[in-house]
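Asker: One structure, pasted below without further comment.
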Amino acid sequence: MDSGKVVLGVVAGIAAGAILGVLFAPHKGSDTRDMISSKSTDTINDLKTKVTGVMDSLANKLHSEEKELAEKIKKA
């Protein structure tokens with residue numbers, strides 16, 4: 001299949017989807033943007049919380065490994 005036809009088909013599909021999305025949107029545009037903004041803020045906050053938890057866990061693990069290594073050095 002010709003790559004030009006594939007690109008044309010993809011562009012046509014995206015355009016058709018965008019048009020149908022606008023025509024059948026259940027909410028006003030401003031409401032939809034507010035919902036997207038709120039959801040993205042919640043997602044970012046959740047991600048920050050998870051990353052902070054992972055970083056704390058890694059820091060605690062590193063600290064305990066440092067203690068264990070220091071004890072082994074003292075014994076040696």
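The values are calculated or read from the model by the stated rules, or taken from the named source; none is laboratory data. This is a predicted model, so every value here is computed, not measured. Methodologically, a virtual Cβ is constructed for each residue, glycine included, from the backbone with ideal geometry; neighbour enumeration extends over all protein chains shown.
Asker: Applying the selection to segment 1-58, what residues are exposed (fewer than 10 other Cβ atoms within 10 Å of the Cβ) and acidic (Asp, Glu)?
Answerer: Result: Asp2, single match.
Asker: Also, I was wondering about something else. What is the residue count in segment 22-61 for residues that are modelled with pLDDT under 90, assigned to a helix (DSSP H, G or I) and among the hydrophobic types (A, V, I, L, M, F, W, C)?
Answerer: Qualifying residue count for the region: 4.
Asker: Further, regarding this structure: Ser64: among the hydroxyl-bearing types (Ser, Thr, Tyr), at pLDDT 90 or above and either in a helix (DSSP H, G or I) or surrounded by 10 or more Cβ atoms within 10 Å (Cβ to Cβ) (or both), yes or no?
Answerer: yes
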